[in-house]
Amino acid sequence: KYTAYCGNIIDDKALVEQIGTGYDLLCANIVADVLIGMSGIFGGFIKDGATLIVSGIIDQRKDEVLDRLKAEGFELIEIREKEDWVAASFRK
């Protein structure tokens, strides 16, 4: 079971409230700039011990995105790379 939301959680506080908290898993397949912009918000959606999966990252921006998420308190679990694309999973 899942629920999908569409919108700009960086600017739309009502959407953030609608999404709520306590999720076991959060996935974001978005470009690096948006992942970095959202990095401070992700933790509010998921519970401790939950998994965050980020993808859609071009190889040249990998370290920038991963470092930012680590700085937000996420623990890197795994990195997967294919051609010039990167995905990573983290634990809160």
**OP:** Out of all DSSP beta bridges with both ends in the chain, state the antiparallel percent to the nearest 5.
**Re:** 70
**OP:** Using only the alpha-carbon atoms of the range 21-91, report the extent along each of the three principal axes, biggest first, to the nearest angstrom.
**Re:** 34, 20, 18
Original post:
Given the chain, what count of lysine pairs have C-alpha atoms under 18 Å apart, with each pair 8 or more places apart or on different chains?
Top reply: 6
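Normalising by the residue count of the chain, find the relative contact order in percent from Cα pairs under 8 Å and 6+ residues apart. Working shown, then result.
On the way: 144 pairs, mean separation 24.7, N = 92.
For the chain, the relative contact order is 27 percent.
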**OP:** For helix 32-45, report the angle its Cα long axis makes with the longest principal axis of the Cα atoms of the chain; keep it between 0 and 90° and round to the nearest 10°.
**Re:** 40
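Each value in this text was obtained by applying a stated rule to the coordinates, not by laboratory testing. Just so we're clear, the structure is a prediction, and the values are computed from it rather than from any experiment.
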